[in-house]
Amino acid sequence: MREATFLILTALASGSLHGYGIIREVAEMSAGRVKLLPGTLYTALDRLAAQGLVEREREEVQDGRLRRYYRLTGDGVEALGFETGRLRELATAAEQRLAAARGEDGHPGPVRNLKPRHA
Amino acid sequence: MLLRFYPRGYRRERGREMVDTFLDAGRVRPSFREALNLMRHGMRARLGRPQSRGVVVWAAMFSAMCGLFTASAAIWLAWGTARPLPDRAETSRIVGTAFPGRDIIEVYRSPDLFAIDRTQRLSVDNFHWLFFEFAGEYEFGATAVRLYDDDPFDTVKIMAAAGERMRANGWQVDVNSVGTDQHCADSRCDPAKLSKDYRLVAHRDDTIIELKVMESVHPALIWVELQRATPGAAHPAGVAAGLLGALAGWMVFGWASRRTEGGYLVVRALAGTFFTATMFMWGVPIPFGLQAVLRWQSDKPSPRWYPLWEWVGQPYFGWLFLVGCGTALLGLASAALPRRRAFAQHATRVRRG
């Protein structure tokens, strides 16, 4: 699953959102790193809807603007849960190896002197 | 305006929502990056089938082929802006530059810049030849001259002198080579004694001249051929028509893809079969064309490249191209068949999310 897709599903996990709400939520979750453009968002929503992971909940007009709200389907919740678990496992494995490399388990580790690449 | 990159049904369904999303973000006009993003995703939306990645690959291939064929057609038309082949007077002047003092006895001039077997002008009457017996014979025409000497001459000296004179008169010599197409059969044969082919190619403005002496044919016979260079209009015409053709191919493919999405199984199977047949008929000649042109270009280097239609295997495989056009039309006709109402509604619902 691509990061943008994962973030869209995550944004919808806490409740239904309209297009701009999803864009805002994704930007907030990623601390401004991922800025979804409307073209990308609606293509992703089309794909997720075709996969049965997202569905339209309702639409309303506020201040003369059309807002359609989207929510996760049962399959969407399941897919997000599966992906979250997968990412957690990977993150855990990475943390364990990093801890070993930094010598937090008492061993000096093989890569103590490595500098972060983007310091 | 940018929403026009999306198909009409999509705009009707999503247009206002997308515009209002921009307005919610406080943007009255999309930035350059946002505009590009809308164009890209709009073109993707034209293909339908949001789940499929393969559809993008097929659309790109189909679109590229359409672009190559329309570019070829435009380049062929642009050749109409080239000057006719040199006539007898111009030929005499040019040949007189390379070989002063020699009389031109016989001039053969093809009827057109491109001709079938160099002798037949392409016309309504013989157009069908391109798809059958003379498919591979549609080639560059030339004004040809043969110069005789009674006795064998020193070819190296004569060709070198001709090259020098041409350079002095503003010609650029592109090729001046000596080779042979003969091979020694056994160790008693001396390769140095094999008959040689001398070739000199030069160009000035829109005229290309080729001088050849083939010792195996006649040691004292100089073949001179004059042709025209690719006209300046050919490149912009090819690029513009190629882009337009590729765009049209993408749109047509997208229309057929959206029409058959979620349709009757038999309709999808028919459209898929005709589409595959079209890709086969149009695509198979391309590697053959590429290989042939690269071989010709390497065997006989020239300042002018072969026209684009030769690169895509045309008109040698013209009949395959024609059959491909037929299957493409049948595929489009299949896509135009009525869609099953339930599927059409389902497709709309899915798109709506």
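Every residue, every condition in (1) touching a residue at least 40 places away in the same chain (Cβ under 8 Å); (2) of a type outside the set (A, V, I, L, M, F, W, C); (3) surrounded by 21 or more Cβ atoms within 10 Å (Cβ to Cβ), yes or no:
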| residue | (1), (2), (3) |
| --- | --- |
| B:ARG8 | no, yes, no |
| B:GLU34 | no, yes, no |
| B:GLY48 | yes, yes, yes |
| B:PHE69 | yes, no, yes |
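Scanning the range A:49-93 for residues that are more than 8 Å from chain B (Cβ to nearest Cβ) and surrounded by 16 or more Cβ atoms within 10 Å (Cβ to Cβ) yields A:LEU53, A:GLU57, A:TYR69, A:ARG71, A:LEU72, A:THR73, A:GLY76, A:ALA79, A:LEU80. When each of B:ALA162, B:ALA168, B:ALA185, B:ALA192 is tested for being aliphatic (A, V, I, L, M), open to solvent by 50 Å² or more (accessible area, probe 1.4 Å) and closer than 22 Å to B:ASP205 by Cβ, the lone residue that passes is B:ALA168.
Could you please find all residues in the range A:55-91 being outside any helix (DSSP H, G or I) and more than 21 Å from A:LEU41 (Cα to Cα)? Result: A:ASP63, A:GLY64.
Taking the criterion of being free of Cβ contacts under 8 Å to residues at least 24 places away in the same chain and either more than 8 Å from chain B (Cβ to nearest Cβ) or not in a helix (DSSP H, G or I) (or both), the residues of the range A:35-48 that qualify are A:LYS35, A:LEU37. Among the residues that make up the range A:19-34, is at least one of them outside any helix (DSSP H, G or I) and within 11 Å of chain B (Cβ to nearest Cβ)? Checking the range A:19-34: not a single residue is outside any helix (DSSP H, G or I) and within 11 Å of chain B (Cβ to nearest Cβ). A count restricted to the range B:191-241 and to residues that are β-branched (Val, Ile, Thr) and at pLDDT below 85 stands at 1. All of B:ALA89, B:ALA59, B:ALA98, B:ALA35 fail the test of being at negative phi and within 28 Å of the chain's Cα centre (by Cα), apart from B:ALA59. Evaluate the range B:8-23: report whether one residue or more is within 10 Å of another protein chain (Cβ to nearest Cβ), closer than 20 Å to B:VAL252 by Cα and touching a Pro at 6+ places or on another chain (Cβ under 9 Å). Scanning the range B:8-23, I find no residue that is within 10 Å of another protein chain (Cβ to nearest Cβ), closer than 20 Å to B:VAL252 by Cα and touching a Pro at 6+ places or on another chain (Cβ under 9 Å), so the answer is no.
To keep it simple, each residue is scored yes or no on (1) at pLDDT 95 or above; (2) farther than 30 Å from A:ALA44 by Cβ; (3) in the same structural domain as B:MET39 (by TED's automatic domain parsing).
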position	(1), (2), (3)
B:LEU243	yes, no, no
B:GLY254	yes, no, no
B:VAL266	no, yes, no
B:GLY272	no, no, no
B:PRO285	no, yes, no
B:ARG295	no, yes, no
B:ASP299	no, yes, no
B:GLU310	no, yes, no
B:GLY318	no, yes, no
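Is it the case, given these coordinates, that B:ILE104 is at pLDDT below 90 and open to solvent by 10 Å² or more (accessible area, probe 1.4 Å)? Judged against the criteria, B:ILE104 is a match. Evaluation of B:VAL293 against the conditions (1) outside any helix (DSSP H, G or I); (2) free of Cβ contacts under 8 Å to residues at least 24 places away in the same chain shows that the sole unmet condition is (1). Note on the range A:54-98: residues that are without any contact (Cβ under 8 Å) to a residue 60 or more places away in the chain and within 14 Å of A:GLY15 (Cα to Cα) total 11. Just one of the numbered conditions (1) away from chain A (no Cβ under 14 Å); (2) open to solvent by 40 Å² or more (accessible area, probe 1.4 Å); (3) in contact with a Ser or Thr (Cβ under 8 Å, 6 or more places away or on another chain) is not true of B:PRO86: (2). When the test is whether a residue is open to solvent by 70 Å² or more (accessible area, probe 1.4 Å), assigned to a helix (DSSP H, G or I) and in contact (Cβ under 8 Å) with a residue 40 or more places away in the chain, B:VAL95 does not pass it.
Of all residues in the range A:1-15, count the ones that are touching a residue at least 24 places away in the same chain (Cβ under 8 Å) and either in a helix (DSSP H, G or I) or under 13 Å from A:LEU45 (Cα atoms) (or both). Working first, answer last.
Initial filter on the range A:1-15 (touching a residue at least 24 places away in the same chain (Cβ under 8 Å)): A:1, A:3-10, A:12-13, A:15.
When the remaining residues are screened for being either in a helix (DSSP H, G or I) or under 13 Å from A:LEU45 (Cα atoms) (or both), the result is A:3-10, A:12-13.
Matching residues across the range A:1-15 total 10.
The values are calculated or read from the model by the stated rules, or taken from the named source; none is laboratory data. This one's a predicted model, so the numbers in the text were calculated from it and none came from an experiment. Note: ideal-geometry Cβ built from the backbone for every residue, glycine included; neighbour counts use all protein chains shown. Just so you know, the surface numbers come from the protein's heavy atoms only, side chains and all, with ligands and any DNA or RNA stripped out. Shrake-Rupley method; radii C 1.70, N 1.55, O 1.52, S 1.80 Å.
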